[in-house]
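K.L.:
The structure follows.
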Amino acid sequence: MSLLNLSKLEKRFGGLVAVNQLSFTLEPGQILGLLGPNGSGKTTVMNLISGAFAPTSGSIRLGDVELSRLRADQIAQRGVARTFQLVRVLPEMTLLENVMAGLVFTGPRLWGQAAEQNALALLQRVGIEHPPHTLSGELTYIDQKRLELARALAARPRLLLLDEWLAGLNPSELQVGIALIRSLKTEVEGIILVEHVMDAIHALCDRCVVMNTGSKIAEGTPSEVLSHPEVVRAYLGDADA
Amino acid sequence: MKSTRSLTAVLAGGLIVAALLALLPWFADGYGLSMSINIMNYAILATAWAMFSGPTRYISLATVAFFGVGAYTVAVVGEWMPWPLVLLCSAVTGLILALLVGLSTLRLAGVYFVIFTFGLTELIRQVVTWYEVNITGTIGRYVFLDISQEVIYWQQLGLGVLLFLAVVLIQRSRLGFALRIIGEDETVARHCGLYTPHAKLALFAISSVFMAVAGAIMAPRWTYIDPVIAFNPVTSFLVLIMALLGGVQRSYGPLLGVIPLALLFEYLNANFPNHYSILLGIIFMIIVYLLPKGVVGLVERLGRKKVKA
């Protein structure tokens, strides 16, 4: 059975069709790249899967669980965790508390010492070297992204959604980031990446889905989709296709 | 997490303070005791306010709605029920009102919530006024209960101890943690698996029950109450500003604001009765501008600077 199955998913905001009859599947153990120009609807798809918005129509199944009618908190309970395109840490809470937020109410549902120890291990895992009682608002942008990843992993999700998690990293940080995401393959059943960094897409994605103005225009391995004429046209315009 | 400071130490410290405070009626004169009752009342209201509004950052101006409903319960059922049952009635009334208000307002955020809670208080006052004028035919009620100042004070102390116990325990519980996450970022909270309306409603209800019982305990002191006295909106503002001056991040924070401000307001009221509102407004502004995180926030900021230096 597929880990995730999107079928004829649609989201309208008034007259705007942000996601149009989108269907794709994610097989267990795979990393899927969700690509497309700005405004093509990638982040909306992430928001639909995680329950930030309800879809207008269509279905989202995680294993045999239908997610499309559930609230964000119920979807989190069923094993979907995410990071946000514009990083969202809890700025006046400590690093430790930020990670604990991910595992107290869902996933392992730990509390007290066990929760703290788990959170400490995750902070180390994502490479944050600050003292755990630092306020997270004091971190640099990159470390805030790491912290968000630690919070998402804390829930021990089946499906992890990373929305431009690698954006804004310098070349050496990017290599570390790619290695980190690759190492997650053994922990979560599947990952969906929204990403613009080509190196990362080639290095990480087993398959890619390319969107333009809300619809899927190509699907396949990274090298297949990136040479697909529709994709080239979407990114560069007609003359280059 | 405050695992560094042990729970037993906090509780033991609290009990010692409470025991010392219980001795006060033997030392204070009539004025002193009356002043202490006043301070104790604000201490309970401000701490109960901060219990909900501190972590969630939902600024409520409905404090006096619950306080007034508690007091009114005493005026209605006080003469024919035993006192403990009267207190229980006021707690239940406060709880029902909190659940009604909570279910309808906790989906609102920011300034809409503030305005709604303020409007709600006025609405309740008008409804009670209408009811008294049209149904009972009299605007005021008398509360003839033989409860001495000392007993009022001790009841307040008991309620205060319960309240602190609740605050300390909730802060260390999953519920308290949940509310802090909600206060920081509700979207993140939902994606961490929290169904946010339940968590908010639970804490709002607990906080409101304490306010209602505080009103019930205070009622016998007035002998006469009418809607204008029981639902005076200034009380909500005073409680808010006391809690903000003290700081809402720590359980003892509101107390640091209550004691100086209660004394100051008493002084202003006695010496400048005609300019009281103006002075009150100026103090509000000074506090919000100079101490956005209260005394606790200021002390902690200075503490951090010292550590870094």
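Quick note: the coordinates plus some simple rules give every number you see, no bench work behind them. As the structure is a prediction and not an experimental result, all values here were calculated from the model. As a convention, Cβ positions derive from the backbone with ideal geometry for all residues, glycine included, and neighbour counts pool all protein chains shown.
K.L.:
Report, to two decimal places, the Cα Rg of chain A normalised by 2.2 N^0.38 Å (N = number of residues).
P.N.:
1.01
K.L.:
Work through the residues other than B:Arg190 whose Cβ is under 14 Å from its Cβ and net out their charges, Lys, Arg +1 and Asp, Glu -1.
P.N.:
So the environment of B:Arg190 carries a net charge of +3.
K.L.:
Let me ask something else about it. Enumerate the amide H contacts of A:Gly29 below 5 Å, restricted to partners 5 or more residues apart or on another chain; note that Pro and chain-start residues carry no placed amide H.
P.N.:
A:Gly190
K.L.:
From the phi of every residue in the stretch A:204-218, what ³J(HN,Hα) in whole Hz does the Karplus formula 6.51 cos²θ - 1.76 cosθ + 1.60 yield, where θ is phi - 60° and glycine or proline is x?
P.N.:
Ordered by residue, 3J(HN,Hα) equals 10, 7, 7, 9, 10, 10, 10, 10, 9, 6, x, 10, 7, 10, 7 Hz.
K.L.:
A follow-up question, please. What is the set of long-range amide H partners of A:Val19 at a cut-off below 5 Å, with H atoms built 1.01 Å from backbone N?
P.N.:
For A:Val19, the qualifying residues are A:Lys11.
K.L.:
Can you work out the Karplus-derived ³J(HN,Hα) for every residue in the stretch A:189-200? Use 6.51 cos²θ - 1.76 cosθ + 1.60 with θ = phi - 60°, whole Hz, and x for glycine or proline.
P.N.:
With coefficients 6.51, -1.76 and 1.60, one gets 7, x, 10, 10, 10, 9, 8, 10, 6, 4, 4, 5 Hz.
K.L.:
By the gyration tensor of its Cα atoms, with a ≥ b ≥ c the square roots of the eigenvalues, what is the shape of the stretch B:54-204: rounded for a/c under 1.5, prolate for a/b over b/c, or oblate?
P.N.:
Oblate, since a/c reaches 1.5 and b/c is not below a/b.
K.L.:
Applying the Karplus parametrisation 6.51 cos²θ - 1.76 cosθ + 1.60 with θ = phi - 60° to the phi angles of the stretch B:150-158, what ³J(HN,Hα) value in whole Hz is obtained for each residue in order, glycine and proline being reported as x?
P.N.:
Per-residue couplings from phi come out as 4, 5, 4, 4, 5, 4, 4, 4, x Hz.
K.L.:
Only counting other Cβ atoms within 10 Å, I'd like A:Arg207, A:Arg146 sorted with the fewest neighbours first.
P.N.:
Fewest-to-most ranking of A:Arg207, A:Arg146: A:Arg207, A:Arg146.
K.L.:
In whole angstrom, note down how far apart the Cα centers of the stretch A:181-241 and the stretch B:189-253 are.
P.N.:
After rounding, the separation between the Cα centres reads 53 Å.
K.L.:
Mean 1/r over all different Cα pairs, inverted: what Kirkwood radius does the stretch A:154-195 give, in Å?
P.N.:
10.9 Å
K.L.:
Something else about it: As a check on your grasp of the helix formula, calculate [θ] at 222 nm for chain A: sum -39500 (n - 2.57) over DSSP H runs of n ≥ 4, divide by the residue count, round to the nearest 500.
P.N.:
It lands at -10000 deg cm²/dmol.
K.L.:
Stokes-Einstein at 25 °C, 0.890 mPa s, Kirkwood radius from Cα pairs: D for the protein assembly as shown in µm² s⁻¹?
P.N.:
93 µm²/s
K.L.:
Using the count of nearby Cβ atoms within 10 Å as a rough guide to exposure, how do B:Tyr72, B:Tyr195 rank from fewest to most?
P.N.:
If I rank by nearby Cβ atoms, fewest first, I get B:Tyr195, B:Tyr72.
K.L.:
Take the Cα atoms of the stretch B:241-295, build their convex hull, and give its volume per residue in Å³.
P.N.:
Hull volume normalised by residue count: 53 Å³.
K.L.:
While we're on this one: For Cα pairs less than 8 Å apart in space and 6+ apart in sequence, what is the mean separation divided by the residue count of chain A, i.e. the relative contact order in percent?
P.N.:
Contact order relative to length: 26 percent.
K.L.:
Would you calculate, for chain B, the mean residue ellipticity at 222 nm contributed by helices, counting each DSSP H stretch of 4 or more residues as -39,500 (n - 2.57) and dividing by all residues, to the nearest 500?
P.N.:
Calculated from helices alone, the mean residue ellipticity at 222 nm is -25500 deg cm²/dmol.
K.L.:
For the stretch B:7-308, compute Rg over Rh where Rg is the Cα radius of gyration and Rh is the Kirkwood radius from the inverse mean 1/r over Cα pairs.
P.N.:
0.96
K.L.:
Over chain B, what is the mean sequence separation of C-alpha contacts under 8 Å (at least six apart), divided by residue count, expressed as relative contact order in percent?
P.N.:
31 percent
K.L.:
How would A:Asp163, B:Asp185 line up from fewest to most surrounding beta-carbon atoms within 10 angstrom?
P.N.:
With the fewest neighbours first, A:Asp163, B:Asp185 line up as B:Asp185, A:Asp163.
K.L.:
Lysine pairs in the protein assembly as shown with alpha-carbon atoms under 24 Å apart, 8 or more places apart or on different chains: how many are there?
P.N.:
Lysine pair count for the protein assembly as shown: 17.
K.L.:
Moving on. Considering all projection directions equally, how large on average is the shadow of the alpha-carbon convex hull of the stretch A:99-241, in square nanometres?
P.N.:
10.0 nm²
K.L.:
While we're looking at this one, here's another question. Which shape class applies to the stretch B:198-272: rounded if a/c is under 1.5, otherwise prolate when a/b exceeds b/c and oblate if not, where a ≥ b ≥ c are the square roots of the Cα gyration tensor eigenvalues?
P.N.:
Judged from the Cα gyration tensor, the stretch B:198-272 comes out oblate (a/c at least 1.5, b/c at or above a/b).
K.L.:
What whole-number volume per residue, in cubic angstrom, does the convex hull of the C-alpha atoms of the stretch A:94-156 give?
P.N.:
Enclosed volume per residue, from the Cα hull, is 64 Å³.
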